[in-house]
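*Asks:* I'd like to ask some things about the structure below.
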Amino acid sequence: MNYVDGFVIAVPAANKQKYIEHAKEAAALFKDLGAIRMVECWGDDVPKGKVTDFRSAVKAQDDEVVLFSWIEWPDKATRDTAMEKIMEDPRFDAMAKEMPFDGKRLIYGGFQPILDV
């Protein structure tokens, strides 16, 4: 099975188009480095929970929308190599300076799929 990087972030609703443009640039970069697929999902039904939830996890403000995203890689080795290369890529440096969200509240992690039906 493929390897997956998952992300959750809060984005100001007013920055939706800027985020889409940012995500398209990121997708091109990740694909150049071996990603198979990148999916970005704009929150549509993200309720507040009693104990925990997506909104509180990223400290989303009332004017922000929660995004759920993932990148699929052919394997962990490809992903690990890509993550090393991305830190040296000038395209990533430029993108990091113009992020349409607060990167300090980004939640991310790598995941090994255990079921894909």
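The values are calculated or read from the model by the stated rules, or taken from the named source; none is laboratory data. Small disclaimer: the values here were computed from a predicted structure and weren't measured. As a convention, Cβ positions derive from the backbone with ideal geometry for all residues, glycine included, and neighbour counts pool all protein chains shown. Side chains included, ligands, DNA and RNA excluded: accessible areas come from the protein's heavy atoms. Shrake-Rupley method; radii C 1.70, N 1.55, O 1.52, S 1.80 Å.
*Asks:* I'm checking my understanding of the structure. Among residues of segment 38-53 that are farther than 20 Å from K104 by Cα and charged (D, E, K, R), which one is least open to solvent (accessible area, probe 1.4 Å)?
*Replies:* For segment 38-53, the residue satisfying everything is D45.
*Asks:* With the requirement that a residue be of a type in the set (D, E) and in a loop (DSSP other than H, G, I, E, B), what does segment 61-92 give you?
*Replies:* Filtering segment 61-92 for residues of a type in the set (D, E) gives 62-64, 72, 75, 80, 84, 88-89.
Answer for segment 61-92, where residues must be of a type in the set (D, E) and in a loop (DSSP other than H, G, I, E, B): D62, D63, D75, E88, D89.
*Asks:* So if I check each of A23, A10, A35, which one is of a type in the set (A, V, I, L, M, F, W, C), open to solvent by less than 40 Å² (accessible area, probe 1.4 Å) and assigned to a loop (DSSP other than H, G, I, E, B)?
*Replies:* A35
*Asks:* Sticking with this one: What about S56, is it surrounded by 11 or more Cβ atoms within 10 Å (Cβ to Cβ), touching a strand residue (DSSP E or B) at 6+ places or on another chain (Cβ under 7 Å) and among the polar types (S, T, N, Q)?
*Replies:* no
*Asks:* Open to solvent by 70 Å² or more (accessible area, probe 1.4 Å), within 30 Å of D53 (Cα to Cα), among the aliphatic types (A, V, I, L, M) and more than 11 Å from the chain's Cα centre (by Cα): is that true of M99 in this structure? Please lay out each step first, then the result.
*Replies:* Numbers: open to solvent by 70 Å² or more (accessible area, probe 1.4 Å): yes; within 30 Å of D53 (Cα to Cα): yes; among the aliphatic types (A, V, I, L, M): yes; more than 11 Å from the chain's Cα centre (by Cα): yes.
Considered against the rule, which asks whether it is open to solvent by 70 Å² or more (accessible area, probe 1.4 Å), within 30 Å of D53 (Cα to Cα), among the aliphatic types (A, V, I, L, M) and more than 11 Å from the chain's Cα centre (by Cα), M99 comes out as yes.
*Asks:* Out of segment 15-74, which residues are among the aromatic types (F, W, Y) and touching a Phe, Trp or Tyr at 6+ places or on another chain (Cβ under 6 Å)?
*Replies:* The one that is among the aromatic types (F, W, Y) and touching a Phe, Trp or Tyr at 6+ places or on another chain (Cβ under 6 Å): W73.
*Asks:* Does K18 fit the bill of being part of a helix (DSSP H, G or I), open to solvent by 30 Å² or more (accessible area, probe 1.4 Å), at pLDDT 95 or above and among the charged types (D, E, K, R)?
*Replies:* Here the answer is yes, as K18 does meet what is asked.
*Asks:* Somewhere in segment 70-87, is a residue open to solvent by 100 Å² or more (accessible area, probe 1.4 Å) and either among the acidic types (D, E) or free of Cβ contacts under 8 Å to residues at least 24 places away in the same chain (or both)?
*Replies:* yes
*Asks:* Identify all residues within segment 40-55 that are within 23 Å of E72 (Cα to Cα) and either touching a residue at least 60 places away in the same chain (Cβ under 8 Å) or among the small types (G, A, S) (or both); write none if there are none.
*Replies:* Selection gives G43 alone.
*Asks:* In this structure, does L67 turn out to be open to solvent by 50 Å² or more (accessible area, probe 1.4 Å), at pLDDT 95 or above and among the hydrophobic types (A, V, I, L, M, F, W, C)?
*Replies:* no
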